[in-house]
Amino acid sequence: MSSNQLVQEPPDDPRNPLLPLLRDGIHRSQSFNSSIRPLLTLNNLFILLGPVLCAIICLCVKLDGPGAATSRNMLAVLAWVFTWWLTEAVPTPITSMTPLFLFPLFGIAAADDVAKSYMDDVIALVLGSFILALAVEHYNIHRRLALNITIVFCGDPLNPPLLLLGICATTAFVSMWMHNVAAAVMMMPVATGILQRLPSGPTRDDVVIKNFCRAVVLGVIYSAAIGGMATLTGTGVNLILAGMWKSYFPEANPISFSTWFFFGFPLALLIFLALWAILCFLYCSRGSGGPLSAYLDKAQLKRELELLGPMAFAEKIILTVFSLLIVLWMTRSITDDIPGWGALFNGRAGDGTVSVMMATLLFIIPNKKEKGEKLMDWNKCKKLPWNIILLLGAGFAIADGVRSSGLADVLSESLGFLENAPYLAIAPMVCLISGTITEFTSNNATTTLLLPLLIQIAQTMRVHPLLLMVPGAIGAQFAFFLPTGTPSNIVGFTTGHIDIGDMIRTGLPLKIAGVAALSFLMPTLGAIVFGTAGQVVNWKLQNRHC
């Protein structure tokens with residue numbers, strides 16, 4: 001027998017145990033622990049946290065009202081979905097699809113009704129806009145625009161705060177005349193075109209570069225929201241406010257385009273300046289110009305712009321289509337006196353209608369580069385961000401679920417305590433509450449939910465209704481915390497340069513600044529513009545809403 005062989009005792013030796021003893025026991029125990037340990041991760045705990053919170057709410061929370069059970073279930077589903085969104089325990093696109101099975105299983109909505117939320121006019125708007133944005137990116141138009149903006153605003157030597165101001169101001173101006181989402185979609189490739197000049201790998205100036213990238217992306221998405229506040233047509237919230245004012249008080253002076261501009265533009269300007277100051281304080285340090293100037297040298301930028309040469313036929317046509325789309329967006333519905341081209345179709349055409357229509361033209365018009373080749377083909381559209389589409393659909397499904405389940409009524413009734421509060425306290429409070437609700441539902445849904453209640457509270461307090469309606473509507477546009485708060489936030493979030501922590505860090509002081517600016521302007525400038533100065537109003541509702 002070789003020395004490497006082991007001597008085995010006879011199997012019938014009474015000293016041999018029938019079962020394995022300590023050594024095999026340790027092996028089995030270690031094997032069991034090793035199989036359990038991978039399951040006890042923080043990510044898996046967050047996955048479990050969603051349904052656990054949902055179960056706790058279903059078992060412990062009691063709500064009043066005829067549809068209390070459905071409202072409670074909706075609240076439980078919200079806890080589940082938002083837990084997964086906030087922790088990112090499950091990929092965001094997958095979490096965005098959970099309403100498709102949670103709503104029917106919890107009795108909130110039928111499967112067909114939930115599925116319809118994932119394709120509506122706003123999503124059509126985003127699809128068409130993204131196809132146009134892909135065309136802009138494919139033909140390097142965004143790079144040409146980025147170079148021009150950088151050259152104008154970068155300064156010599158490089159001044160990062162000034163460059164940031166130029167990008168944000170351009171976005172805000174564009175957003176004044178078109179949908180906030182479309183403005184963000186159009187300007188984000190321009191902004192990222194500037195950021196693409198910065199190194200993405202680890203460098204000595206990695207912190208400075210990442211902070212500047214955060215500032216630019218946050219500046220674009222927040223400037224798109226702020227710019228929309230300046231004009232009546234800048235966002236649907238302002239139009240809802242004007243429409244409800246006319247519906248509830250048909251004998252009062254309507255809120256015209258010019259009336260809103262005289263109030264909305266100064267308000268948007270103050271909030272915009274606050275945004276710029278916050279971004280500079282958090283992300284653009286005094287010494288950031290030196291490290292960034294190596295990649296954003298003005299002379300080098302001018303040489304690169306010259307190397308692009310004159311604009312080709314394809315670039316001119318795409319810019320023409322985009323410009324025409326902006327004009328169509330701006331003129332579809334202007335004011336009551338000037339209804340816009342949408343009146344020709346009895347209101348059936350929406351922003352998504354023209355967005356998809358103009359995107360379709362890109363698949364028809366030749367690019368004059370190669371025979372038979374069009375400006376766009378479907379292979380170029382493979383980069384469409386379907387994760388954003390699913391996230392938008394989930395937001396719309398949740399907004400519909402909050403209304404249909406009766407949870408919206410529960411949230412509205414919680415504002416009843418404001419009736420006995422003084423106006424100087426209630427206006428900022430209304431704005432804060434509206435700004436909180438809008439983080440979890442759409443801006444339009446928040447406005448539609450709150451304005452009727454605020455009208456009733458204003459009558460009880462015997463103050464002009466607009467003194468509460470305007471803070472409620474403006475507050476609904478302060479969705480600065482979560483990616484799901486507004487589609488514009490999602491556009492920036494998907495670039496990979498920012499996370500939820502960055503949004504909260506910037507959004508909190510920005511929301512406070514917005515509430516402060518509104519609280520100051522509403523009883524001063526607003527009293528002059530809207531004619532509420534010195535009025536104690538006892539309005540009588542003129543229609544079925546009374």
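Calculate the FRET efficiency for Val152 and Arg348 from the Cβ-Cβ distance with a Förster distance of 60 Å, rounded to the nearest 0.05.
Details: r = 42 Å, r/R0 = 0.69.
My answer for the efficiency is 0.90.
Of Lys298/Lys383; Lys316/Lys382; Lys316/Lys371; Lys116/Lys382; Lys298/Lys382; Lys298/Lys369, which sit over 25 Å apart, Cα to Cα? Intermediate values should be presented prior to the final figure.
Working: Lys298/Lys383 32 Å; Lys316/Lys382 23 Å; Lys316/Lys371 18 Å; Lys116/Lys382 23 Å; Lys298/Lys382 35 Å; Lys298/Lys369 32 Å.
Where the Cα-Cα span goes over 25 Å, the pairs concerned are Lys298/Lys383; Lys298/Lys382; Lys298/Lys369.
Evaluate E = 1/(1 + (r/R0)^6) for Asp206 and Phe281, where r is the Cβ-Cβ distance and R0 equals 30 Å; express this FRET efficiency to the nearest 0.05. Mind dumping the intermediate values first?
On the way: r = 20 Å, r/R0 = 0.68.
For R0 = 30 Å, the calculated efficiency reads 0.90.
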(request) List, in order, the whole-Hz ³J(HN,Hα) value for each residue of region 121-128 obtained from phi through the Karplus relation with A = 6.51, B = -1.76, C = 1.60 and θ = phi - 60°; use x for Gly and Pro. (result) 5, 5, 5, 4, 4, 5, 4, x
(request) With label points built 7 Å along Cα→Cβ from the Cα atoms of Ala299 and Ala55, find their separation and express it in nm. (result) 6.9 nm
(request) Show the residues, 5+ positions off or on another chain, whose built amide H is closer than 5 Å to the amide H of Lys374. (result) Asn367
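Pick out, in residue order, every one of the GluC sites (Glu not before Pro) in region 291-394 that is DSSP loop and has at most 16 other C-beta atoms within 10 Å; say none if there are none.
Here the GluC sites (Glu not before Pro) that fit, given the DSSP loop and packing criteria, are Glu370, Glu373.
Would you kindly state how much longer the chain becomes between Thr41 and Lys382 on full extension, computed as 0.36 nm times their sequence separation minus their alpha carbon distance, in nm to one decimal? Let's see the in-between values first.
Values: separation 341, 0.36 × 341 = 122.76 nm, distance 3.47 nm.
Result: 119.3 nm gained on full extension.
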(message) For Asp206, what accessible surface area do you get with a 1.4 Å probe? Give it in Å², rounded to 10.
(response) 40 Å²
(request) Distance between Cα centroids, region 438-514 to region 40-113: provide it in whole Å. (result) 23 Å
(message) Going by Cα centres, region 209-280 and region 362-377 are how many Å apart?
(response) 38 Å
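Counting only other residues whose beta carbon sits under 11 Å from that of Ala312, what net charge do I get with K and R as +1, D and E as -1?
Numbers: positive: Arg144, Lys316, Lys368, Lys369; negative: Glu315.
Here the charged neighbours net out to +3.
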(request) Would you check the accessible area of Ile389, probe 1.4 Å, heavy atoms only, in square angstrom rounded to 10? (result) 10 Å²
(request) Take Lys316, project a point 7 Å from its Cα along the Cβ direction, then tell me which residues of region 347-368 have their backbone nitrogen under 14 Å from it. (result) 367-368
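The values are calculated or read from the model by the stated rules, or taken from the named source; none is laboratory data. Values in this document were obtained by computation on a predicted structure and should not be read as measured data. Every residue, glycine as well, gets a Cβ built from its backbone with ideal geometry; the counts of neighbours run over all protein chains shown. Just so you know, the surface numbers come from the protein's heavy atoms only, side chains and all, with ligands and any DNA or RNA stripped out. Shrake-Rupley method; radii C 1.70, N 1.55, O 1.52, S 1.80 Å.
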